[in-house]
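Report on one structure; see the data block that follows.
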Amino acid sequence: MKGHLLNSRFVLISGCSGGGKSTLLAELRGRGYPVVEEPGRRIITDELASGGTAQPWIDAAAFLRRAIDVALKDMAEANAYSGWVFFDRGLVDAASALEALTGEPVLHPVCSNHRYHARVFMTPPWPEIYVNDAERRHSFEAATAEYQRLMETLPRLDYNVISLPKISPSARADFVLTTLGGVELQAT
């Protein structure tokens, strides 16, 4: 995968469900940075409203194929922003899950042509803050398994995985921006 073009402005925040990704991204948004919402939650909201079946607990493969399409569209639309753009999950999450579920070899072909910043920030399992809701119906154990899969997948795609410390959202945002060298690409 070395030598493929990275989009050095697109920063992927991934990791364990219920690990504080959305809260961190809300903090970054509050500081003026563009944030791209998680494809999966948007799809589930649409499917629940329309009675559709592309939901992870009804038709997981259809859900994941749609998540790949949404993530690709998100990346194309994010080119309109300048500076850092933060993604709540994205293409790697969906392609990795689809390949694990179906065996379809989608991960490398799709993810080698559509890249994020070389550093990917991961929220580790954090049982003290994990909660279920209408869009997060899976168990903490399933969320942890997903996290483990991503921790194995991302380095194989030549990403530098950085585990986020279990600290306040403001301190996490400071950590992300400091790690990225936050001064060169300020919020717009």
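The values are calculated or read from the model by the stated rules, or taken from the named source; none is laboratory data. Note that the structure is a prediction, hence the values are computed from the model and not measured. No Cβ is skipped: glycine too gets one built from the backbone with ideal geometry, and neighbour counts run over all protein chains shown. Quick note on the areas: whole protein, heavy atoms, side chains included, nothing else; ligands and nucleic acids left out. Shrake-Rupley method; radii C 1.70, N 1.55, O 1.52, S 1.80 Å.
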The condition from (1) outside any loop (DSSP other than H, G, I, E, B); (2) more than 11 Å from the chain's Cα centre (by Cα); (3) crowded, with 16+ Cβ neighbours inside 10 Å; (4) not aromatic (Phe, Trp, Tyr) that VAL11 misses is numbered (2)
Of (1) among the hydrophobic types (A, V, I, L, M, F, W, C); (2) over 24 Å from GLY181 (Cα atoms); (3) touching a helix residue (DSSP H, G or I) at 6+ places or on another chain (Cβ under 8 Å); (4) touching a residue at least 40 places away in the same chain (Cβ under 8 Å), VAL106 fails just (4)
Exception for ARG89 within (1) at negative phi; (2) crowded, with 18+ Cβ neighbours inside 10 Å falls at (1)
Among the residues of the stretch 108-143, the number that are modelled with pLDDT under 90 and in a loop (DSSP other than H, G, I, E, B) is 16
Among (1) at pLDDT 95 or above; (2) open to solvent by 50 Å² or more (accessible area, probe 1.4 Å); (3) hydroxyl-bearing (Ser, Thr, Tyr), THR45 falls short only on (1)
Scanning the stretch 38-90 for residues that are touching a Ser or Thr at 6+ places or on another chain (Cβ under 9 Å) and of a type in the set (D, E, K, R), the one farthest from LEU150 (Cα to Cα) turns out to be GLU47
Selection from the stretch 18-70 of residues among the hydroxyl-bearing types (Ser, Thr, Tyr) and over 22 Å from SER82 (Cα atoms) yields THR23, THR45, SER50, THR53
